[in-house]
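Visitor: Pasting a structure here, questions to come.
The values are calculated or read from the model by the stated rules, or taken from the named source; none is laboratory data. None of the values given here were measured: they were computed from a predicted structure. So basically every Cβ, Gly included, is an ideal-geometry build from the backbone, and we count neighbours across all protein chains shown. To get the accessible areas, we keep the full protein, side chains included, count just its heavy atoms, and leave off ligands, DNA and RNA. Shrake-Rupley method; radii C 1.70, N 1.55, O 1.52, S 1.80 Å.
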Amino acid sequence: MPERWEQAELKNSDHTTGEIASRKGRNLVETVGRRMRDAINRGELKPGDKLPTESGLTLQYQVSRTVIREAIASLRADNLVEVRHGVGVFVLAPQAGSQSGFRMVDASRVSSIIEMLEVRAAIEIEAAGLAAHRSSPAQQELIFECLETIKREIAAGRSTVESDRAFHLAIADATNNPRFRELLEAIGRQMIPRSLLQEGDMDVSPMEYLSQIQNEHADIARAIADGDDLAAREAMRTHLKGSQQRYRSLIRRS
């Protein structure tokens, strides 16, 4: 059965600013793009398969043509599909041994994971500071929405890997410099280290570990909303440096 979104939410423009409407549109693009990626990753869409037509996808996901076009553009940027003009959109075979130019993290080597976290720190500490200085109210609201999504998934015992990643990508977007998102997307899902240990949709991480991470996320979000670039940088530094130590502990317990 096709997925459906509440259309009235997007049409209620009497009490919705242009910024918030734009944010909701972006949310739909990200949601559709994520579901299409999931279909490719699960093998429901295989290399060589042709996607439904644009009109077919708008009916399937109950969104506008603009949302479909932007979602497909994001898949193209990740080399998941190719557009053959006059023919259609086709799923590409995964590129072996690399993920958008980044070497895959070796989950069996703690040093490999630490290397990735150090790269993230170099990118995201500055991103947090810029987000505190440049972010719009709508971008700040999206950061807090991501925070709430993580909270719900922790309570339900579901995996928080994708929502955690969405939180960090929302901060990257709030810099209003698209290069930050591009760098984090190039790292891919492995930017969240516990994704390398997880099996299925249930989170196997200890509750105290997830709670600590969530508290650190909240500190980052508040500093950005307060416009305190120094505090935002320090909160992100604490979060990512702490992740290095916590991940070593998780490896020892597993």
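Visitor: If a residue has to be under 8 Å from the mean Cα position of the chain (by Cα) and under 18 Å from A218 (Cβ atoms) to count, how many in the stretch 161-176 make the cut?
Guide: 8
Visitor: Could you please find all residues in the stretch 131-154 being touching a Ser or Thr at 6+ places or on another chain (Cβ under 7 Å) and either buried (at least 21 other Cβ atoms within 10 Å of the Cβ) or closer than 24 Å to S195 by Cα (or both)?
Guide: Matches in the stretch 131-154: A131, C146, T149, I150, E153, I154.
Visitor: Sticking with this structure for a sec: Name the residue that is modelled with the highest pLDDT, counting only residues in the stretch 190-202 that are exposed (fewer than 15 other Cβ atoms within 10 Å of the Cβ) and charged (D, E, K, R).
Guide: D201
Visitor: Sticking with this one: Name the helices (runs of 4 or more DSSP H) wholly within the stretch 1-115 that hold at least 2 residues that are farther than 17 Å from G188 by Cβ, open to solvent by 40 Å² or more (accessible area, probe 1.4 Å) and modelled with pLDDT of 75 or more?
Guide: Once the helices (runs of 4 or more DSSP H) in the stretch 1-115 are filtered for at least 2 residues that are farther than 17 Å from G188 by Cβ, open to solvent by 40 Å² or more (accessible area, probe 1.4 Å) and modelled with pLDDT of 75 or more, what remains is 54-61, 65-77.
Visitor: Let me ask something else about it. Conditions first: (1) under 23 Å from K241 (Cβ atoms); (2) in contact with a strand residue (DSSP E or B) (Cβ under 8 Å, 6 or more places away or on another chain). R158 passes all but one, so which condition is the exception?
Guide: (1)
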